[in-house]
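Any read-out appearing in this document is the output of simple, stated calculations on the displayed coordinates, not a laboratory observation. Computed from a predicted structure; not experimentally measured. Cβ placement follows ideal geometry from the backbone for every residue including glycine, while neighbour counts extend to all protein chains displayed.
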Amino acid sequence: MIHTRSSTMRASAMRMLAVLVLALLGTSALAVLADAPANAAARLTASSSLGGAVASTSGRTGFTVSGSGFQAVEGGFGGVYIGFGWVNGSGWGPSQGGATGRTYDYVPDEQSRSNQGFQAFVAFPGSSTSGEAQATMGSDGSFRVNLTVPGPTFTGAGGKSIDCTKVTCGFLTWGAHGVRNGANETFTPVTFRDGEAAPAVEQAPAAGAP
């Protein structure tokens, strides 16, 4: 009987210890979750004079493109590229092993501030590369640029002919200057409408621009 009572007491003590450890672990986990920053996902919105993310099949269409929730690396090298093109599935991004002409493609343009407007470079705040950018990202990950969609067909940077009436095209963002960052890879579809070419969007001040 003494042996049985001792075993029972030891078992009860072990159960109490296990409950205490679980309670402490639960408290620690909650504390970690409470301290974790709540970062909004990167999001891109596009609007033309035709209304929303709509382009004309008859010619060039000007767009105002705004970003929010992007990962802003203070003083970091590079930033993000924004271009019009096509992506192949959800794992198209460079951070997931994607490559130009294979999992995504876009209208090529010069990587300079005075290009044709088919592509834009948004520099990180305080970046040494901001002098060549169309805009500088705000510390909250926001920016705004003007872009031009040449029409429903184009030859991509990868050399392939792309017809947006047969595949889904839109605005995509990816890490600039070879810096891969999955948090800043997004795709926003654009639809095409028959009719007159839309007028170009007037140049607007870009958020965070110098």
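Observations
- Spin-label model, Val167/Thr45: points 7 Å from Cα along the beta carbon direction are separated by 2.9 nm.
- D by Stokes-Einstein for region 115-201, Kirkwood Rh over Cα pairs, 20 °C, 1.002 mPa s: 143 µm²/s.
- The percentage of C-alpha pairs in region 43-193 whose separation is greater than 28 Å is 12%.
- Loop-located trypsin sites (Lys or Arg not before Pro) in region 49-129 whose Cβ has at most 14 other Cβ within 10 Å (DSSP): Arg102, Arg113
- Remark: Tyr106, Tyr81 ranked as Tyr81, Tyr106, counting other beta-carbon atoms within 10 Å and listing the fewest first.
- Between Asp194 and Asp140, the C-beta separation translates, for a Förster distance of 30 Å, into a calculated FRET efficiency of about 0.20.
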